[in-house]
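The values are calculated or read from the model by the stated rules, or taken from the named source; none is laboratory data. The shown structure was predicted, so the numbers you read here are calculated from the model rather than taken from an experiment. Every residue, glycine as well, gets a Cβ built from its backbone with ideal geometry; the counts of neighbours run over all protein chains shown. Note: areas computed on protein heavy atoms with side chains; ligands, DNA, RNA excluded. Shrake-Rupley method; radii C 1.70, N 1.55, O 1.52, S 1.80 Å.
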Amino acid sequence: MTATIIDGKAIAKRIKDEIAEEIKVRNQFGMPAPGLATVLVGDDPASQIYLRNKIRTCEQLGIRSFSYTLPADAEQAELEQLIRTLNENPEIHGILVQLPLPPQIDEYQILSLIAPQKDVDGFHPINAGMLSRKESDPWFIPCTPSGILILVQSIVSDIAGKEVVVIGRSSIVGMPTAQLLCRNNATVTICHRQTQELPKICRRADILVVAVGNSRMVKSSWVKPGAVVIDVGINRIPDPADPSKTILTGDTDFDEIVNVASAITPVPGGVGPMTIAILMRNTLAAARREKPL
Ligand code: NDP
């Protein structure tokens with residue numbers, strides 16, 4: 001069996017095209033451009049690259065971006081004041097604080113200060129709490145989990161009753177992905193470092209989502225034949241062909257698993273492009289002052 005390669009780049013492009021089209025129509029009716037504020041504390045190179053991609057995508061789609069950079073030794077009070085100001089600014093519909101924040105900053109406190117209606121990353125405790133309650137819809141669902149759901153649905157028409165295993169329980173990927181798939185009536189098992197017999201549990205999965213940050217950890221022997229595998233990991237490792245260079249790898253052994261799974265996301269070009277597309281979709285939704293789901 002050779003797996004279908006799930007083309008996240010193409011699916012993300014379709015979403016972005018729709019967003020650009022809607023923003024064009026909004027412009028024709030004199031409605032304000034959606035505005036996204038990005039906040040970076042410090043000069044971490046990976047964070048700078050992620051933010052540059054987000055800002056470039058905003059420009060391509062007609063979203064106004066407002067970037068704010070604070071020094072690495074910025075104080076909690078300074079960042080809190082900035083968030084309060086952004087909450088009050090009517091030109092700014094979405095606020096994104098690039099994570100991770102430096103150790104002197106209380107990340108939870110900062111994310112809790114963002115107005116839930118502008119929380120396009122979906123990390124505010126109110127939005128996280130509403131995601132965990134079946135009877136409430138959050139203003140925003142975190143971008144990577146939303147993107148994962150769309151990728152899964154591009155292959156599996158109805159995930160109700162499917163056996164899903166998510167490896168990873170972080171607040172930004174693993175846990176909200178598990179909650180979102182559960183809301184869509186999958187039967188979800190969440191795994192982490194303390195999980196016993198991880199390969200055996202993974203082999204139960206119709207849909208296996210891997211978000212650990214550990215290059216090529218999941219082997220083909222962990223995958224049930226015909227399963228759908230979503231690889232969220234982004235790992236930069238030395239290039240075996242030229243150790244002076246680096247390559248990007250996922251958390252799964254793609255070359256082996258492609259012969260066992262029915263579908264798999266590549267790295268790069270799978271989940272990554274979806275995360276940015278959903279951020280844009282959430283920002284447009286914030287400008288509409290509607291709940292996106
Ligand atoms: P975190 O480090 O916050 O969480 C990793 C999770 O994986 C933890 O729950 C941890 O368990 C679990 N884990 C780690 N090693 C093992 C192991 N050997 N066995 C079982 N579980 C393990 O990472 P994130 O969730 O933020 O990110 C995960 C990956 O996804 C990273 O590679 C990151 O770069 C990537 N990512 C990709 C995005 C995209 O758009 N494609 C967006 C965001 C992240 P425990 O809780 O017990 O410590």
Exactly one of these conditions fails for residue 175: (1) in contact with a helix residue (DSSP H, G or I) (Cβ under 6 Å, 6 or more places away or on another chain); (2) surrounded by fewer than 24 Cβ atoms within 10 Å (Cβ to Cβ). Give me its number.
(1)
Residue 116 vs (1) modelled with pLDDT of 95 or more; (2) open to solvent by 20 Å² or more (accessible area, probe 1.4 Å); (3) more than 19 Å from the chain's Cα centre (by Cα): all pass except (3)
Filter region 241-266 down to the residues that are β-branched (Val, Ile, Thr) and either touching a helix residue (DSSP H, G or I) at 6+ places or on another chain (Cβ under 8 Å) or not in a loop (DSSP other than H, G, I, E, B) (or both) and list them by number.
246, 247, 249, 252, 257, 260, 264, 265
Result of the Cβ filter at 7 Å on region 193-205, keeping first residues that are in the same structural domain as residue 262 (by TED's automatic domain parsing) and partners that are assigned to a helix (DSSP H, G or I) and surrounded by fewer than 16 Cβ atoms within 10 Å (Cβ to Cβ), at least 6 apart or interchain, is 199/221
Please verify whether region 265-288 includes one or more residues that are over 23 Å from residue 154 (Cβ atoms), open to solvent by 30 Å² or more (accessible area, probe 1.4 Å), more than 16 Å from the ligand (Cβ to nearest atom) and not aliphatic (A, V, I, L, M).
yes
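Take residue 146 and decide whether it is out of contact with any helix residue (DSSP H, G or I) (no Cβ under 6 Å at 6 or more places or on another chain) and among the hydroxyl-bearing types (Ser, Thr, Tyr). Spell out how you get there, then give the answer.
Working: out of contact with any helix residue (DSSP H, G or I) (no Cβ under 6 Å at 6 or more places or on another chain): no; among the hydroxyl-bearing types (Ser, Thr, Tyr): yes.
So residue 146 fails the test.
Among the residues of region 35-42, are any within 18 Å of residue 99 (Cβ to Cβ) and free of Cβ contacts under 8 Å to residues at least 40 places away in the same chain?
Within region 35-42, not a single residue is within 18 Å of residue 99 (Cβ to Cβ) and free of Cβ contacts under 8 Å to residues at least 40 places away in the same chain.
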Given (1) open to solvent by 70 Å² or more (accessible area, probe 1.4 Å); (2) assigned to a helix (DSSP H, G or I), identify the lone condition not met by residue 73.
(2)
So residue 43 ticks every box in (1) buried (at least 17 other Cβ atoms within 10 Å of the Cβ); (2) more than 21 Å from the chain's Cα centre (by Cα); (3) more than 15 Å from residue 287 (Cα to Cα) but one. Which box is left unticked?
(1)
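Name the residue, out of 187, 249, that is within 29 Å of residue 133 (Cα to Cα) and either open to solvent by 50 Å² or more (accessible area, probe 1.4 Å) or within 15 Å of the ligand (Cβ to nearest atom) (or both).
That would be 187, the only listed residue that is within 29 Å of residue 133 (Cα to Cα) and either open to solvent by 50 Å² or more (accessible area, probe 1.4 Å) or within 15 Å of the ligand (Cβ to nearest atom) (or both).
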Within the bounds of region 217-226, is there any residue that is assigned by TED's automatic domain parsing to the domain that holds residue 159, among the charged types (D, E, K, R) and within 15 Å of the ligand (Cβ to nearest atom)?
yes
Given the criteria at pLDDT below 95 and of a type outside the set (S, T, N, Q), does residue 225 qualify?
no
Answer yes or no as to whether residue 99 is part of a loop (DSSP other than H, G, I, E, B), modelled with pLDDT of 95 or more and within 22 Å of residue 286 (Cβ to Cβ).
yes
Options 55, 92: the member that is open to solvent by less than 80 Å² (accessible area, probe 1.4 Å) and in contact (Cβ under 8 Å) with a residue 24 or more places away in the chain
92
Counting only residues in region 157-172 that are open to solvent by less than 20 Å² (accessible area, probe 1.4 Å) and over 15 Å from residue 263 (Cβ atoms), the one farthest from the ligand (Cβ to nearest atom) is identified as 165
